[in-house]
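The values are calculated or read from the model by the stated rules, or taken from the named source; none is laboratory data. These numbers were taken from a predicted model, which means no experiment stands behind them. So basically every Cβ, Gly included, is an ideal-geometry build from the backbone, and we count neighbours across all protein chains shown. Calculation scope for accessible area: heavy atoms of the full protein, side chains included, ligands and nucleic acids excluded. Shrake-Rupley method; radii C 1.70, N 1.55, O 1.52, S 1.80 Å.
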Amino acid sequence: MTPATTAASPYGTLPAVPPPASRKPISLPRLREMHAQGEKITMLTAYDATFAAVADSAGVESILVGDSLGMVCQGMPSTVGVTLETMRHYTESVARGLHRAQATAWLISDLPFGSYHESKEQALRSAAVLMQAGAHMVKLEGGGWTEDTVHFLVERGIPVCAHLGLTPQTVHSLGGYRVQGKSEEAATTLKTHAHALQDAGAAMMVLEMVPAALSATLTKELPHCATIGIGAGVGTAGQVLVLHDMLGMNLGKMPKFVHNFMSEENSVRGAMQAYVRAVKEGRFPVDALHAW
Ligand code: KIV
């Protein structure tokens, strides 16, 4: 069959080229299968149609429309100012890009600060906005108070990714972007929350800035919830990085857990492919360099 192509156009082209037959669409069962088989899951953030389509074509399996867009796209000092309407807008752009490129990636969108805190009903209404914008899964931050909400969403057919450790929406309570779960007490609390979130039905869980040993233990203890690390060591079920960071587009001090994949490549797609290879082969992150 001849692949459908579009004429070259300016401003970036998103061709409708069918993916190779060998590439299976990424669904929740496929993610669970990868997790069960010990195949590392790759994730990058993306905030627009083109970067999302390029990431997919580079083999990135899951795209996160992170509320980090508040910082990298909107120039805000934290993610706290990001609204649901903003998340809808960016999620729609990414979903359109993936659709036009006949992409296979799994699309996750962040529930922003204040959009799920009031009640589980409020969380459902907010999640519906993101799902209708094209997300396959929503992500929400925190443990302890979030479990009922996760259960409520999952029961209603909305896949949920949890987020523990450094939760940027609560940066003002945490007092900064610091490693979490370092003390024995904090590690026990984090573990309790992680188990409860798995029991509530969270299928994935971002662990951000969590000591490598704790993340590795948790990953083994959570067979039904794939841990995705960022600054959490190599022992998680998958990895995520913020797109701009891994492309070296950070004018400030680069966080310790980031590697600039652009430094050895001469294209964005090449850098993303290098990231995918490094994660799959367990070469990134390196605990001694990128973790605590
Ligand atoms: O908003 C975001 O980009 C995130 C990642 C850092 C995991 O939550």
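Within the stretch 153-169, what residues put their amide N at less than 18 Å from the label point 7 Å along the Cα-to-Cβ vector of residue 27?
Of the residues in the stretch 153-169, 157-160 have backbone N under 18 Å from the label point off residue 27.
Can you work out the Karplus-derived ³J(HN,Hα) for every residue in the stretch 243-251? Use 6.51 cos²θ - 1.76 cosθ + 1.60 with θ = phi - 60°, whole Hz, and x for glycine or proline.
3, 5, 5, 6, 9, x, 8, 9, 7
I'd like the Karplus ³J(HN,Hα) series for the stretch 26-43: coefficients 6.51, -1.76, 1.60, θ = phi - 60°, whole numbers in Hz, and an x wherever there's a Gly or Pro.
So the J values, rounded to whole Hz, are 8, 10, 4, x, 5, 5, 5, 5, 4, 4, 5, 8, x, 7, 5, 9, 9, 9.
So if R0 is 22 Å, what FRET efficiency would residue 36 and residue 213 give, r being the distance between their Cβ atoms, rounded to the nearest 0.05?
On the way: r = 23 Å, r/R0 = 1.05.
So, using R0 = 22 Å, E works out to roughly 0.45.
By average Cβ neighbour count within 10 Å, what is the ranking of 123-130, 255-262 from highest down? Show your work: numbers first, answer last.
Numbers: 123-130: 20.4, 255-262: 18.1.
Descending mean neighbour count gives 123-130, 255-262.
Please compute the Kirkwood hydrodynamic radius over the stretch 149-292, one decimal place, Å, based on all pairs of different Cα atoms.
Evaluated on the stretch 149-292, it is 15.9 Å.
Can you work out the FRET efficiency for the pair residue 182 and residue 9, with r the C-beta to C-beta distance and R0 = 51 Å, to the nearest 0.05? Intermediate values should be presented prior to the final figure.
Values: r = 51 Å, r/R0 = 1.01.
After rounding, the FRET efficiency stands at 0.50.
When the chain is modelled as a GNM with alpha-carbon springs shorter than 10 Å, which of 237, 186, 46 fluctuates the most?
Looking only at 237, 186, 46, the largest GNM fluctuation is found for 186.
Towards the positive end of the charge dipole of the stretch 116-259, with charges on Cβ (+1 Lys, Arg; -1 Asp, Glu), say which of 251, 234, 149 has the farthest Cα.
Towards the positive end, the residue furthest out is 251.
Cα gyration tensor of the stretch 20-69, axes a ≥ b ≥ c as square roots of the eigenvalues: rounded (a/c below 1.5), prolate (a/b > b/c) or oblate?
Working: a/c = 2.58, a/b = 1.50, b/c = 1.72.
Oblate, because a/c is 1.5 or more while a/b does not exceed b/c.
At 1.4 Å probe size, with every protein chain present, just tell me what the per residue accessible area of the stretch 77-160 comes to in Å².
Ligands and nucleic acids excluded, the result is 41 Å² per residue.
Please find, in a Gaussian network model of the chain (springs between Cα atoms separated by less than 10 Å), the residue of 86, 45, 167 whose mean-square fluctuation is greatest.
Residue with maximal mean-square fluctuation among 86, 45, 167: 86.
So how much slack lies between residue 86 and residue 250, counting 0.36 nm per residue of separation and subtracting their Cα-Cα distance, in nm?
On the way: separation 164, 0.36 × 164 = 59.04 nm, distance 2.24 nm.
The residue 86-residue 250 span can extend by a further 56.8 nm.
Please report, in Å, the Rg and the Dmax of the chain, where both are computed over Cα atoms only.
Cα radius of gyration and Dmax of the chain are 17.9, 60 Å respectively.
What dipole magnitude, in Debye to the nearest 20, does the chain give about its Cα centre under +1 on Lys/Arg Cβ and -1 on Asp/Glu Cβ? All intermediate terms of the calculation are to be shown ahead of the outcome.
Numbers: 22 positive and 25 negative charges, 120 e Å.
Using only the charged Cβ atoms, the result is roughly 580 debye.
When only the heavy atoms of the protein chains count and the probe is 1.4 Å, how do 264, 118, 208, 33 rank by accessible area, highest first?
Result, largest first: 118, 264, 33, 208.
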